[in-house]
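The values are calculated or read from the model by the stated rules, or taken from the named source; none is laboratory data. It should be emphasised that the depicted structure is a prediction, and the values quoted were computed from it without experimental measurement. Note that each Cβ is placed from the backbone with ideal geometry, even for glycine, and that neighbours are counted across all protein chains shown. SASA here: full protein model, heavy atoms, side chains in, ligands and nucleic acids out. Shrake-Rupley method; radii C 1.70, N 1.55, O 1.52, S 1.80 Å.
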Amino acid sequence: MAPWIDLSHPLTPGTPSYPGDPPLEARTLASVEADGYALAEWRATFHAGTHIDAPAHFMAGGARISDLPPERFVGDAVLIAVTPSDRPPLGPEILERAPRWEDANFVLFRTGWSDRYGTPAYFEGFPTLSEALAERLACAGLTAVGVDAPSVDPHPSVDPDPSANPHPPVAPYPAHRILLGAGVCLLENLTGLRALPEGRPFRLLAVPPSIEAEAMWVRPMAWLPDSDDR
Ligand SMILES: [Zn+2]
């Protein structure tokens, strides 16, 4: 078995966009048959498909992908297995399943939600992180927190009636704000997490192209060199 595990969904013209974001548009500008060469133009946000959010996604003046050094996106990762009996939003007690998670650079939550990818059900009722869990994760100097679901916050994530709850107002996207505000990036729309070990760290490589943007598509790869021995 190859030691590399691909944790990304392929980007295709049918890649779904987050609800409310414009749909991905793929155009053919030239083809080998007609023009002698192929040239494509794709229009999409960087949040369609497997991607990484940088602090600039929610923080004015926050770090963009290009502001972060590439070596930051290589490191040790731990997997936390979420079971159907864990009721979202997930609380900080779930971290007890990986006692040494604070030594890692990446913490990935395996919920199994990626099985719904490509269906409308993918964006409905997916597991999310509580504020308390985000606050706990924000203290450890992680590079990124990852989920095999569309987002770490529910959709929609707006205060339905701010006037009804003014003290304090409910800030939308709390897990995004807490984690990105602490410099912790977010890996969203991951897949393939079933191939990863529970209870022992593994290497993860998730280097995005250097782009002056708030997020970028990425193809995270887990490295399991001794996977033949298991
Ligand atoms: Zn995103």
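Considering the range 30-64, the residues that are assigned to a loop (DSSP other than H, G, I, E, B), away from the ligand (no atom under 13 Å from the Cβ) and among the aliphatic types (A, V, I, L, M) include one that is least open to solvent (accessible area, probe 1.4 Å), namely 63. If you go through the range 214-230 and keep only what is farther than 21 Å from residue 153 by Cβ and in a loop (DSSP other than H, G, I, E, B), you end up with 219, 224, 225, 226, 230. Contact annotation: residue pairs with Cβ atoms under 6 Å, 6 or more positions apart or on different chains, pairing a residue in the range 200-211 that is touching a residue at least 24 places away in the same chain (Cβ under 8 Å) with a partner that is surrounded by fewer than 21 Cβ atoms within 10 Å (Cβ to Cβ) and of a type in the set (Phe, Trp, Tyr), are 203/223. Applying the selection to the range 43-96, what residues are of a type in the set (S, T, N, Q) and more than 16 Å from the chain's Cα centre (by Cα)? Passing the criteria: 66, 83, 85. Against the numbered list (1) among the β-branched types (Val, Ile, Thr); (2) at pLDDT 95 or above; (3) open to solvent by 60 Å² or more (accessible area, probe 1.4 Å), residue 152 comes up short only at (3).
Residues checked against (1) within 20 Å of residue 220 (Cβ to Cβ); (2) touching a Phe, Trp or Tyr at 6+ places or on another chain (Cβ under 9 Å):
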site	(1), (2)
32	no, no
36	no, no
39	no, no
48	yes, yes
51	yes, yes
61	no, no
64	yes, no
67	yes, no
70	yes, no
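Of 133, 108, all but one fail to be open to solvent by less than 80 Å² (accessible area, probe 1.4 Å), at pLDDT 95 or above, over 24 Å from residue 6 (Cα atoms) and outside any loop (DSSP other than H, G, I, E, B); the exception is 133.
Of the candidates 110, 100, 72, 87, the single residue that is touching an Asp or Glu at 6+ places or on another chain (Cβ under 8 Å) and among the charged types (D, E, K, R) is 110.
Residues in the range 185-218 that are within 23 Å of residue 61 (Cα to Cα) and either touching a Gly at 6+ places or on another chain (Cβ under 6 Å) or within 13 Å of the ligand (Cβ to nearest atom) (or both): 185, 186, 187, 188, 208, 213, 214, 215, 216, 217, 218.
Considering only the range 111-130, state which residues are open to solvent by 50 Å² or more (accessible area, probe 1.4 Å) and assigned to a helix (DSSP H, G or I). Within the range 111-130, 115, 116, 120 qualify.
Within the range 185-213, can you find the residues that are of a type in the set (S, T, N, Q) and either surrounded by 15 or more Cβ atoms within 10 Å (Cβ to Cβ) or not in a loop (DSSP other than H, G, I, E, B) (or both)? Across the range 185-213, the qualifying residues are 189, 191.
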